[in-house]
Amino acid sequence: MIELVWFKRDLRAADHAPLAMAAKSGPVLPLAVVESDYWKLPETSSRHYLFWRESIDDLRRQGVPLCVRIGEVTAILKALHDSHGIRRIWSHEETGNAWTYERDKSVTRWCRENSVGWKQIRQFGVLRGPTDRDRWAKQWEAFMAEPLAKLPDNITYADTTGDQLPSHEGLGLTYAPCPQRQRGGRTEGLALFESFLSSGRARHYQRAMSSPTSAAEACSRLSPHLAYGTLSMREVVQRAYSEVSALKAVPPDHQPIPPRGLNAFIARLHWHCHFIQKLESEPETEWRDLHPAFRDARTQGFGDPLFEAWANGNTGFPFVDACMRSLIATGWINFRMRAMLVAFASYHLWLDWRATGTRLAQLFTDYEPGIHWPQVQMQSGSTAINTPRLYNPVKQSHDQDPDGIFIKQWVPELSKLKGRAVHEPWTLSPLEAREQGFILDESYPAPIIDHEAAARAARERLTRIRASDGFYQHQRAIYLKHGSRKSSRHTPKQGRAWVKKKPANQLELDL
Ligand SMILES: Cc1cc2nc3c(=O)[nH]c(=O)nc-3n(C[C@H](O)[C@H](O)[C@H](O)COP(=O)(O)OP(=O)(O)OC[C@H]3O[C@@H](n4cnc5c(N)ncnc54)[C@H](O)[C@@H]3O)c2cc1C
């Protein structure tokens, strides 16, 4: 009989509680499954698969003789049960999408029918079942403070042959080139974390995270490693806290990294789980507007000319297009620009967030359903508990890329333009344009919309939606279920009072 450890999005041996516990119970079969049907889902892409595959290879180099099988999980379990006898399955809890949720239900059924136990262990500060948001932050801290799981010195592994890892073409994934994609594997993840903390990348974290010109260097870039579990969240949190303590012992003038910056980083690690909790508590967030007043409000998506222009970085708004093209080529963009891309699509273009969210999921190497869908809904306004933020695409351009360096890097058609024209090429007179060798709508698209008129129309639509019957009652219920109680503005008691006074009632414009 074997203890089967099912590696999902936890591709590491360190701080891997299921592996450590299974190893104490008997011979271990470490299994990873290439689930062909999963890779047919519209939000998956070759960049996800390649990162996953690199992480598998690295895990094997860490000494885990992983058996990879291709196919449907219950069929694979049946075959392994027939050949080896499975005493118990061990895995981490997963908050995935609707597809993985249904798959886990089939595995539960299979286990019940075959009298095989399935022990699932938490790996994030996310709770299953009914949760009390008022006490959530405390449980997160307690979970992160628990000791890291230690593997026994000698693990007996069961001897099994697996399948060859298929290529992405073999899985039917269309290859979308991503030349600057982050590489998978724990070795890469650890090096990245080290360079964030020790080589001082974190020094300017707080100040540099908003602009795409500086964020790629100043942010940790750990997101795909946390999404695929090559690093454990607990080890990252514990290391960050210990760095903060060490820094506090150093006089402020000699601190290589301001502790405030690292605390801001820790706050985001907390958000990671806070957002995943939303999807865990309401899986419909992946496909249904949280607030009923937004349902059916936006219907246009794939195939719509506005969608296609946005999805390919051809909207005629240089900063928006630079962000999209950079994301296509690197698989990453900073938080503020992710928010702007969604807000521009959801408000100015009034596109359906399900379509734009699917496109972004394909492009983010770090696609994590539990963060992604609640964030996409939040930036589209359909959660109704967060202040709707309409980003002015021209103001963002001047604020975040004043010299147009980022735009010129990613939209080379504009590289010869000078001054304000890089941000707003449509303001050039025909004579100025000719002098700079530029022809609007030939060299580069004219804007696909009048952004001021589109923002006005979006505000009017939002005002109508918010005036609908029962809007604030639904909003209150959503806040009580999902709202953050962490910020000083919304402590539990104040939060309840605040929500009674019409939360998120104003629009934030022209950010
Ligand atoms: C529309 C939209 C979609 C997003 N989709 C994803 C996604 O699929 N996967 C994903 O990991 N992040 C997502 N984010 C959150 C955030 O943009 C990324 O986590 C961050 O940019 C990753 O870069 P980093 O690792 O350098 O982050 P850092 O700033 O170094 O933060 C460290 C870690 O904290 C977590 N984190 C940071 N910011 C947030 C946030 N705002 N919300 C939740 N967790 C956060 C991430 O795990 C991140 O790796 C999304 C944000 C938006 C607005």
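The values are calculated or read from the model by the stated rules, or taken from the named source; none is laboratory data. Just so you know, these numbers come straight off a predicted model, no measurement behind them. Positions of Cβ are backbone-derived with ideal geometry, glycine not excepted, and every protein chain shown enters the neighbour counts. Remember, those area values only see protein heavy atoms, side chains included, never the ligands or the DNA or RNA. Shrake-Rupley method; radii C 1.70, N 1.55, O 1.52, S 1.80 Å.
Taking the conditions (1) in a loop (DSSP other than H, G, I, E, B); (2) of a type outside the set (V, I, T); (3) out of contact with any Phe, Trp or Tyr (no Cβ under 8 Å at 6 or more places or on another chain) in turn, A246 satisfies each one other than (1).
Does region 291-307 contain any residue that is of a type in the set (D, E) and within 27 Å of D57 (Cα to Cα)? Don't jump to the end; show me each part of the working.
Kept after step one, since they are of a type in the set (D, E), are these residues of region 291-307: 296, 304.
Among the residues that remain, those that are also within 27 Å of D57 (Cα to Cα) are: none.
No, region 291-307 contains no residue that is of a type in the set (D, E) and within 27 Å of D57 (Cα to Cα).
Taken over region 277-291, residues that are touching a helix residue (DSSP H, G or I) at 6+ places or on another chain (Cβ under 6 Å) and farther than 14 Å from Y101 by Cα amount to 3.
Here is a check on your reading of the model: is Y472 open to solvent by less than 40 Å² (accessible area, probe 1.4 Å) and hydroxyl-bearing (S, T, Y)? Spell out how you get there, then give the answer.
Working: open to solvent by less than 40 Å² (accessible area, probe 1.4 Å): no; hydroxyl-bearing (S, T, Y): yes.
So Y472 fails the test.
Quick check on region 202-237: of everything there that is polar (S, T, N, Q) and open to solvent by 30 Å² or more (accessible area, probe 1.4 Å), which residue is farthest from H398 (Cα to Cα)? The residue in question is S223. Would you point out which residue out of D366, D450, D399 is among the acidic types (D, E), modelled with pLDDT of 95 or more and closer than 30 Å to W99 by Cβ? Exactly one of D366, D450, D399 is among the acidic types (D, E), modelled with pLDDT of 95 or more and closer than 30 Å to W99 by Cβ, namely D366.
Are any residues in region 197-220 in a loop (DSSP other than H, G, I, E, B), within 11 Å of the ligand (Cβ to nearest atom) and more than 16 Å from N263 (Cα to Cα), and if so, which ones? Passing the criteria: S210, P212. Checked against (1) crowded, with 21+ Cβ neighbours inside 10 Å; (2) at pLDDT 95 or above, L306 meets all criteria but (1). Restricting attention to region 123-146, the residues being assigned to a loop (DSSP other than H, G, I, E, B), at pLDDT 95 or above and surrounded by 15 or more Cβ atoms within 10 Å (Cβ to Cβ) number 5.
Conditions (1) part of a loop (DSSP other than H, G, I, E, B); (2) among the polar types (S, T, N, Q); (3) open to solvent by 30 Å² or more (accessible area, probe 1.4 Å), marked per residue:
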| position | (1), (2), (3) |
| --- | --- |
| T358 | no, yes, no |
| Y367 | yes, no, no |
| G370 | no, no, no |
| W373 | no, no, no |
| Q377 | no, yes, no |
| A384 | yes, no, no |
| D403 | yes, no, yes |
| I407 | no, no, no |
| R420 | no, no, yes |
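If you take the residues in region 249-285 that are within 24 Å of S468 (Cβ to Cβ) and assigned to a helix (DSSP H, G or I), which one is most open to solvent (accessible area, probe 1.4 Å)? Walk me through how you get there before you give the answer.
We begin by selecting, within region 249-285, every residue within 24 Å of S468 (Cβ to Cβ); these are 278, 282, 284-285.
From the residues that got through so far, the ones that are assigned to a helix (DSSP H, G or I) too are 278, 284-285.
Working: K278: 22, E284: 59, T285: 2 Å².
Result: E284.
What residue, among those in region 409-418 that are surrounded by fewer than 21 Cβ atoms within 10 Å (Cβ to Cβ) and in contact (Cβ under 8 Å) with a residue 24 or more places away in the chain, is nearest to the ligand (Cβ to nearest atom)? Step by step, filter region 409-418, then rank; the result is Q409.
Taking into account only those residues within region 377-418 that are of a type in the set (A, V, I, L, M, F, W, C) and over 30 Å from F471 (Cα atoms), which is farthest from the chain's Cα centre (by Cα)? Reasoning before the result, please.
Keep residues of region 377-418 that are of a type in the set (A, V, I, L, M, F, W, C), which gives 378, 384-385, 390, 394, 405-407, 410-411, 414, 417.
Narrowing further to those that are over 30 Å from F471 (Cα atoms): 394, 405-407, 410-411, 414, 417.
Working: V394: 26, I405: 26, F406: 23, I407: 24, W410: 23, V411: 25, L414: 30, L417: 34 Å.
Filtering region 377-418 for residues that are of a type in the set (A, V, I, L, M, F, W, C) and over 30 Å from F471 (Cα atoms), the one farthest from the chain's Cα centre (by Cα) comes out as L417.
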